[in-house]
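Read the structure below first, then the notes.
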Amino acid sequence: MSRYVHLNVEKIEHETATAFLLRLEDDSEYWIPKSQIADPDDYEEGDENCTVSVTEWIAAQKGLS
């Protein structure tokens with residue numbers, strides 16, 4: 001079972017079939033694969049001020065944990 005890190009997302013800037021470009025509150029941007037997001041169908045491009053749960057693994061890979 002995966003553990004998650006919860007990210008405060010300012011805006012989902014872009015969406016592809018397999019990933020989201022998330023802009024965080026500090027204006028940094030990260031591409032996160034949908035396979036590494038809890039419930040990716042709950043989100044879409046343009047969503048603002050949301051909390052996105054990503055696996056600990058991807059958070060560590062991106063330097064977010």
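The values are calculated or read from the model by the stated rules, or taken from the named source; none is laboratory data. Keep in mind it's a predicted model, so treat the numbers as computed, not measured. Note: ideal-geometry Cβ built from the backbone for every residue, glycine included; neighbour counts use all protein chains shown. These accessible areas exclude ligands, DNA and RNA; they are computed on the full protein's heavy atoms, side chains included. Shrake-Rupley method; radii C 1.70, N 1.55, O 1.52, S 1.80 Å.
The table below gives the values:
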| item | result |
| --- | --- |
| Per-region count, segment 48-62, residues open to solvent by 10 Å² or more (accessible area, probe 1.4 Å) and under 13 Å from L24 (Cα atoms) | 6 |
| Failed criterion for E56 (all others in (1) in contact (Cβ under 8 Å) with a residue 40 or more places away in the chain; (2) in contact with a helix residue (DSSP H, G or I) (Cβ under 8 Å, 6 or more places away or on another chain) hold) | (2) |
| Pairs, first under 14 Å from N49 (Cβ atoms) and of a type in the set (D, E) in segment 10-37, second in a strand (DSSP E or B) and open to solvent by 60 Å² or more (accessible area, probe 1.4 Å), C-beta under 6 Å, six or more apart | E25/N8; E25/E10 |
| Test: N49 is at positive phi, out of contact with any Pro (no Cβ under 8 Å at 6 or more places or on another chain) and touching a residue at least 12 places away in the same chain (Cβ under 8 Å) | yes |
| Residue, modelled with the lowest pLDDT, within segment 2-13, restricted to residues that are open to solvent by 40 Å² or more (accessible area, probe 1.4 Å) and not aromatic (F, W, Y) | S2 |
| Any hit, segment 14-31, residues being among the β-branched types (V, I, T) and open to solvent by less than 30 Å² (accessible area, probe 1.4 Å) | no |
